Amino acid sequence: MVGIALDKVTKRYGGTEVLGAVSLDVRQGEFVAILGPSGCGKTTLLRLIAGFETLDDGAIRLGEREVSTPRFSLPPEKRNVGIVFQNYALWPHMSVAGNVGYALKVARLPSAERKRRVAVALETVGMVEHADKAPAELSGGQRQRVALARCLAADPSVMLLDEPLANLDVHLRASMEREFVEFHERTGATMIYITHDQAEAMALADRIAVIDHGRLMQFARPRDLYREPENEMVARFIGNGLVLPGEDVSLLSPGTGRAMARVFGTPQTLRASARQPSFARAALSVHPDDLRLAETPGEGFPATVERVIYRGGHYQIDFHPNASPDLALTLNAPIDRSLAPGAPISVRIEDGWVIPAAA
Ligand code: ADP
Ligand code: MG
């Protein structure tokens, strides 16, 4: 297994830039998710790494080897990269074992070695007892496992997965997620996992690269994306994020990462980068779980309830701050608080983060 280094990778179709100077360092054995809205360039990035597309600027390295530059592109079959797509693309007329071993046969691997590798791959994905079945006899999840085994049998140095669970139903996805994690732990494979589903990315990845309009927005551990978004796009995209305006933002004592700001006229303490300077204004990142109904009079900022939705276990309260009636916000309230649309409330900010790039 090897690491993957993308250095300012740029791709244009016609005159349109689809990827702009994307740099990423994926460590050997790391599980990285590429997350972003549909059309942001995820599949294009994967095709560049696999060698199906040439890049217009920048470079790609697999391990020590430079495989793509604007002047040179190592052909896909020489990159030793395994790919799993969302439509498993199994040969319908071949058995499970036949599908898993097909590429090895084409590569003229001796029959004994081929059988050994197919057996190991099927064992890894728990499909040994289905080796002689046809793909049509398998469930969606089992077919996806065969696709994984086929990828594995080729002994790739990195594995690229393009929305491999997109065609499966919700229950199957959850169990396949667990299998991917176990698969990764067992094989130690370097994996790039593409998805537009952030719950999937959060559950699976060591680190997540968030892409928007062909640009890398942030590359960080899941909890850091949630707690310390670098810009407003990530703040809104991750975990139903909300962005609030902060005024008179000042770091409490330098180096502590604690800041003070006024939010809708009310003073609040917040988290901030220890390097954060003071600002007249900054955007703040909070999540519905960070907002609470104030219990003490005079605490929090005044707001008005717009809608109350029963979510089983809690109420989702949609509201707007009185100081900013056009801003739609949400908080989760305990089930013992019944509120009606139009009710006045006070909202306390339990936790929030000063977004650095918006400053
Ligand atoms: P994602 O996988 O994130 O949904 P893609 O990488 O498939 O996005 O596509 C990114 C953008 O590039 C889209 O606007 C898409 O229409 C465009 N695109 C992808 N492939 C081609 C191509 N071969 N020719 C022209 N435009 C393309
Ligand atoms: Mg895609």
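The values are calculated or read from the model by the stated rules, or taken from the named source; none is laboratory data. Since the model is a prediction, treat every value here as computed from it, not as a measurement. Because the Cβ atoms are built from the backbone with ideal geometry, glycine has one as well, and the counts that use them run over all protein chains shown.
Looking only at segment 112-125, filter to residues that are modelled with pLDDT of 90 or more and not β-branched (Val, Ile, Thr); which one of those is surrounded by the most Cβ atoms within 10 Å (Cβ to Cβ)?
122
Can you find even one residue in segment 78-98 that is surrounded by fewer than 16 Cβ atoms within 10 Å (Cβ to Cβ) and assigned to a helix (DSSP H, G or I)?
The answer is yes, given that some residue of segment 78-98 is surrounded by fewer than 16 Cβ atoms within 10 Å (Cβ to Cβ) and assigned to a helix (DSSP H, G or I).
Just to be sure before I move on: is residue 209 modelled with pLDDT under 95 and within 16 Å of residue 32 (Cα to Cα) in the structure I sent? I'd like the intermediate steps shown before the answer.
Details: modelled with pLDDT under 95: no; within 16 Å of residue 32 (Cα to Cα): yes.
No, not satisfied.
Within segment 10-21, track down each residue that is of a type in the set (A, V, I, L, M, F, W, C) and within 16 Å of ligand 2 (Cβ to nearest atom). It would help to see each step written out before you state the result.
So the first thing to find is which residues in segment 10-21 are of a type in the set (A, V, I, L, M, F, W, C), and the list is 18-19, 21.
Result: 18, 19.
Looking at segment 232-244, can you tell me whether even one residue there is in contact with a strand residue (DSSP E or B) (Cβ under 7 Å, 6 or more places away or on another chain), surrounded by 21 or more Cβ atoms within 10 Å (Cβ to Cβ) and among the β-branched types (Val, Ile, Thr)?
yes
Residue under question is residue 159, and the condition is that it be under 30 Å from residue 318 (Cα atoms) and either surrounded by 18 or more Cβ atoms within 10 Å (Cβ to Cβ) or modelled with pLDDT of 85 or more (or both); does it hold?
Working: under 30 Å from residue 318 (Cα atoms): no; either surrounded by 18 or more Cβ atoms within 10 Å (Cβ to Cβ) or modelled with pLDDT of 85 or more (or both): yes.
Judged against the criteria, residue 159 is not a match.
Could you list, in sequence order, the residues of segment 12-43 that are aromatic (Phe, Trp, Tyr) and crowded, with 18+ Cβ neighbours inside 10 Å? Working first, answer last.
So the first thing to find is which residues in segment 12-43 are aromatic (Phe, Trp, Tyr), and the list is 13, 31.
31, the sole residue that qualifies.
Please go through (1) in a loop (DSSP other than H, G, I, E, B); (2) surrounded by 14 or more Cβ atoms within 10 Å (Cβ to Cβ) for residue 46 and return the number of the only condition it doesn't satisfy.
(1)
Identify, please: which residue in segment 2-11 is more than 9 Å from ligand 1 (Cβ to nearest atom) and either more than 22 Å from the chain's Cα centre (by Cα) or in a strand (DSSP E or B) (or both) and is, among those, surrounded by the fewest Cβ atoms within 10 Å (Cβ to Cβ)?
Start the filter on segment 2-11 by keeping residues that are more than 9 Å from ligand 1 (Cβ to nearest atom), which leaves 2-10.
Keeping just the survivors that are either more than 22 Å from the chain's Cα centre (by Cα) or in a strand (DSSP E or B) (or both) gives 4-10.
Numbers: 4: 24, 5: 18, 6: 23, 7: 17, 8: 13, 9: 26, 10: 17.
Here the residue is 8.
Please specify each residue of segment 164-182 satisfying the condition of being touching a helix residue (DSSP H, G or I) at 6+ places or on another chain (Cβ under 8 Å) and within 16 Å of ligand 1 (Cβ to nearest atom). Quick ask: steps written out before the conclusion?
At the first step, the residues of segment 164-182 found to be touching a helix residue (DSSP H, G or I) at 6+ places or on another chain (Cβ under 8 Å) are 164-165, 167-169, 172-173, 175-177, 179-181.
Within segment 164-182, 164, 165, 167 meet the criteria.
Could you tell me whether segment 89-98 includes any residue that is touching a strand residue (DSSP E or B) at 6+ places or on another chain (Cβ under 6 Å) and either free of Cβ contacts under 8 Å to residues at least 24 places away in the same chain or under 28 Å from residue 145 (Cβ atoms) (or both)? Steps first, please.
Of segment 89-98, the ones touching a strand residue (DSSP E or B) at 6+ places or on another chain (Cβ under 6 Å) are none.
The answer is no; no qualifying residue exists.
Based on what the data block shows, is residue 70 assigned by TED's automatic domain parsing to the domain that holds residue 177, part of a loop (DSSP other than H, G, I, E, B) and under 19 Å from the mean Cα position of the chain (by Cα)? Steps first, please.
Values: assigned by TED's automatic domain parsing to the domain that holds residue 177: yes; part of a loop (DSSP other than H, G, I, E, B): yes; under 19 Å from the mean Cα position of the chain (by Cα): no.
Spelling it out, it is not the case that residue 70 is assigned by TED's automatic domain parsing to the domain that holds residue 177, part of a loop (DSSP other than H, G, I, E, B) and under 19 Å from the mean Cα position of the chain (by Cα).
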